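See below for the structure under consideration.
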Amino acid sequence: MIFLQLGCFFFAFVVYKLAYDRRGAPLPPGPRGLPVLGNALQVPTAFSWLKFTEWAKTYGDVIHVSALQCSFIILSSREAITDLLEKRGAIYSDRPIIPMAGELAGSAKHTPLMQYGDRHKEGRKLILGMINVRNAPMLHAIQEAKAAQLVSRLAQDPSNFSRHIRWLVASVVLQITHGLIIDSCDDPHLRTVQEGMDEFSRMTAPGAYLVDSLPFLMHIPEWIPGAGFKKEAREHEERDTKIMEELWNLVKEQVAQGTALPSFAAELIQKNPDPSSDEEDMYSRNAIAFFSAGSDTTVSVINSFLIIVAQHPEIQRRAQSEIDQVVGHARLPKLSDRKDLPYLNAVLKEAHRINPVGPLSLPHKVRQDDNYRGYRIPAGATVLGNTWAIMHDPALYPDPHKVHPERYLTPNEGGEKINPDPRDFAFGYGRRVCPGQMLAEGTFFIAAAAILSVFSVSDAVSLDGAEINYEGGGIISHPCPFRCNITPSRRRRGTSNCISLTCTQWLILSILRCI
C-alpha cells in the first residue's frame with residue numbers, strides 16, 4: 001500500500017513540475033485533471049467545442065488541458081487567435097502528429113495535414129495557382145453551369161435535394177481538378193473518393209482510436225492481437241492512393257490524346273510533361289486534396305442555409321425579393337451578381353456562423369516555447385482555435401443564437417455596430433487558412449442564389465419530424481438528415497429556357513478551350 005501511495009505522489013509531483021518552466025512561468029489555467037491522465041476523461045468525444053466554451057467562461061479565453069501529459073491550448077477569443085495564430089504564424093503553423101488518420105492512414109502526406117515546411121508551402125502555391133482571381137472566369141463558368149443543372153434536378157426530384165447538393169459540389173470540384181464530368185452520385189470515381197472521405201471523418205473522431213492517445217502503438221506489428229487498426233489504416237491508404245493515381249493517370253492519357261478538358265491536373269501535366277516521381281506525387285495529391293478539403297464542408301453549409309430559409313420565411317422572402325430586383329425573371333443569377341446582393345450575402349454569412357462547419361479549427365502545433373500574457377505555451381503543444389466560441393461571442397455577435405442577417409449590413413441611423421464577417425474565422429487561421437476559400441464560397445453563393453431564384457423552401461424538420469440537430473463527432477459538424485419542401489415559385493418564369501441556355505453556353509466554352 002505504501003508503494004502505491006508513493007507512486008501516486010510521484011506522478012502528482014511530475015505533473016505539478018511540468019506545469020512550470022525553469023523561470024516559473026505557469027501554463028495557462030484550465031480544469032484540474034488526474035495524474036498522468038490529465039483531462040482525458042473530461043473532454044467529450046462529441047461537441048467538444050461546447051465543453052471548451054464552457055470552460056472558457058471559468059478559466060478565460062486561453063486554457064490548457066492535458067491528456068497523458070500532452071498539452072493542448074484552446075483559444076476561445078478573436079484576440080487570442082489573432083495574437084498567436086495570425087501575428088505569430090511563423091511558430092504556430094505546424095501540424096501535430098495525428099497517429100491514426102495522419103501517419104498510419106497517410107493523410108499527413110496531403111497539404112492540409114502536412115507538417116509546415118517547404119513541401120507544404122509548395123502545395124499551397126500549386127492550389128492557389130488554380131484558385132485565384134485570374135482563373136475566376138473559368139471557375140465561375142463551371143459553377144454557374146452546375147447550378148443551372150442543380151435547378152433542373154431539383155425541379156424533377158425535389159425530395160432528393162441532399163443528394164443533388166452533394167452532386168453539385170462534387171461535380172464542380174472534380175471538373176476543376178481533373179476535368180471529369182460527373183453525371184450522378186453513383187459515378188464510380190465519386191463514390192470511391194466519397195467513401196475515403198467518410199472513412200477519414202470517422203478516423204478523426206476524438207477517442208475513436210487508442211493509438212491517437214498512445215502514439216507509441218503506431219510502431220507495433222500489424223499481426224499482434226488488438227492491432228487491427230493498423231490493417232484498417234493501411235487499407236485506407238491503399239484505396240486512397242489507388243483512386244488518386246487512377247484519376248491522375250486518366251488525365252495524363254487525355255492530355256496525350258488531346259481530349260483533356262481544362263483542369264488543375266491537365267495544366268500541371270502540360271507545364272511539366274516529365275516530372276520527377278516526387279513532383280508527380282505532389283501534383284496528384286494536391287489535385288485530390290481539393291475534394292477532400294472542401295466537399296463535405298460546402299455540402300454542410302448549403303444544407304444549413306436551406307434550414308435557415310425554411311425556418312425563417314421572412315428572411316427567405318426578403319432574399320428572394322432582392323434577387324428579383326437585381327437579376328430579374330429572364331435568367332438565373334450569376335456570380336457577377338454577388339456584389340449587388342448584400343442581403344443574400346448576409347444570409348450566407350449567418351449560415352457560416354450559426355452552426356459553423358468547422359467548430360474547431362484544424363489543430364496547429366507550436367514549434368518552440370512561447371510566452372503569452374505571462375503564461376508559457378510549451379513547444380509541441382497542440383493549439384486549437386475554438387471557432388464556435390468566437391462565432392457565439394455576444395461581444396462580437398449580440399444575441400448570438402438568433403439568426404439575424406442584418407447584423408452584417410451597413411449601420412442604421414442609430415449607429416448599430418456591424419458584426420465581424422464570420423468567414424474570417426470559418427476557413428482557418430494564419431498560414432493555415434484554407435487556400436480553396438474562393439472556390440467554396442463561389443459554389444455556396446451560386447447554389448443558394450439559384451435555389452432561391454426558382455424555388456421556395458419550407459417545412460424543414462428531421463426525418464422523424466422533430467427539431468433538426470447537428471452531428472458533432474468528427475472534425476466537421478453538419479445537420480443530421482432532414483427533409484424539407486422545395487417547390488417551384490410563381491415569381492419566376494422561363495426557367496427551363498434559362499437552364500438550357502446556360503448549359504449550352506458552358507458546352508461551347510468547353511469546346512473552345514479544347515481547340
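Residue by residue, here is whether (1) of a type in the set (D, E, K, R); (2) in a helix (DSSP H, G or I); (3) more than 22 Å from Ser336 (Cα to Cα) holds:
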position	(1), (2), (3)
Asn135	no, yes, no
Leu139	no, yes, no
Lys146	yes, yes, no
Gln149	no, yes, no
Ser162	no, yes, yes
Arg166	yes, yes, yes
Val172	no, yes, no
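Can you say whether Thr192 is within 13 Å of Ala105 (Cα to Cα), in contact (Cβ under 8 Å) with a residue 24 or more places away in the chain and not in a loop (DSSP other than H, G, I, E, B), as far as the supplied structure shows?
no
Quick one: which residue in Ser277, Ser263, Ser292, Ser284 is within 28 Å of Lys121 (Cα to Cα), small (Gly, Ala, Ser) and either surrounded by fewer than 19 Cβ atoms within 10 Å (Cβ to Cβ) or touching a Leu at 6+ places or on another chain (Cβ under 7 Å) (or both)?
Being within 28 Å of Lys121 (Cα to Cα), small (Gly, Ala, Ser) and either surrounded by fewer than 19 Cβ atoms within 10 Å (Cβ to Cβ) or touching a Leu at 6+ places or on another chain (Cβ under 7 Å) (or both) holds for just one of Ser277, Ser263, Ser292, Ser284, which is Ser277.
List pairs: first in segment 260-274 and outside any helix (DSSP H, G or I) and among the acidic types (Asp, Glu), second at pLDDT 95 or above and surrounded by fewer than 19 Cβ atoms within 10 Å (Cβ to Cβ), Cβ under 9 Å, 6+ apart or cross-chain?
Nothing qualifies.
Which residues, taken from segment 57-101, are in a helix (DSSP H, G or I), polar (S, T, N, Q) and over 21 Å from the mean Cα position of the chain (by Cα)?
Thr58
Find the residue count for segment 68-81, including only residues that are more than 30 Å from Phe216 (Cα to Cα) and surrounded by 16 or more Cβ atoms within 10 Å (Cβ to Cβ).
5
Can you spot a residue in segment 170-182 that is surrounded by fewer than 16 Cβ atoms within 10 Å (Cβ to Cβ), farther than 22 Å from Ser477 by Cα and modelled with pLDDT of 90 or more?
There is at least one residue in segment 170-182 that is surrounded by fewer than 16 Cβ atoms within 10 Å (Cβ to Cβ), farther than 22 Å from Ser477 by Cα and modelled with pLDDT of 90 or more.
Filtering segment 379-407 down to residues that are closer than 20 Å to Cys70 by Cβ and surrounded by fewer than 18 Cβ atoms within 10 Å (Cβ to Cβ), which residue is farthest from the chain's Cα centre (by Cα)?
Looking at the filtered set, the residue picked out is Ala379.
Checking the conditions here, which among Ser304, Ser300, Ser292, Ser321 is over 11 Å from the mean Cα position of the chain (by Cα), part of a helix (DSSP H, G or I), polar (S, T, N, Q) and closer than 30 Å to Glu195 by Cβ?
From the options Ser304, Ser300, Ser292, Ser321, the qualifying one is Ser304.
Restrict the check to segment 329-351 and report whether at least one residue is in a loop (DSSP other than H, G, I, E, B), touching a Gly at 6+ places or on another chain (Cβ under 8 Å), more than 23 Å from Pro479 (Cβ to Cβ) and not hydrophobic (A, V, I, L, M, F, W, C).
Yes, the conditions are met somewhere in segment 329-351.
Considering only segment 408-423, state which residues are of a type in the set (D, E, K, R) and either buried (at least 18 other Cβ atoms within 10 Å of the Cβ) or modelled with pLDDT under 95 (or both).
Glu413, Glu416, Lys417
Working carefully through the options Ala449, Ala426, Ala440, find the one that is touching an Asp or Glu at 6+ places or on another chain (Cβ under 8 Å) and surrounded by 21 or more Cβ atoms within 10 Å (Cβ to Cβ).
Ala449
Here's a check for you: in segment 352-365, which residue that is in contact with a Pro (Cβ under 7 Å, 6 or more places away or on another chain) and part of a helix (DSSP H, G or I) is farthest from Ile74 (Cα to Cα)?
Residue satisfying both the conditions and the ranking: His352.
Does segment 71-90 contain at least one residue that is at pLDDT below 95 and of a type in the set (Val, Ile, Thr)?
Within segment 71-90, none of the residues are at pLDDT below 95 and of a type in the set (Val, Ile, Thr).
The values are calculated or read from the model by the stated rules, or taken from the named source; none is laboratory data. Predicted model only: the values in this text are computed from it and were never measured. When we count neighbours, we look across all protein chains shown, and the Cβ atoms used for this are built from the backbone with ideal geometry, even at glycine.
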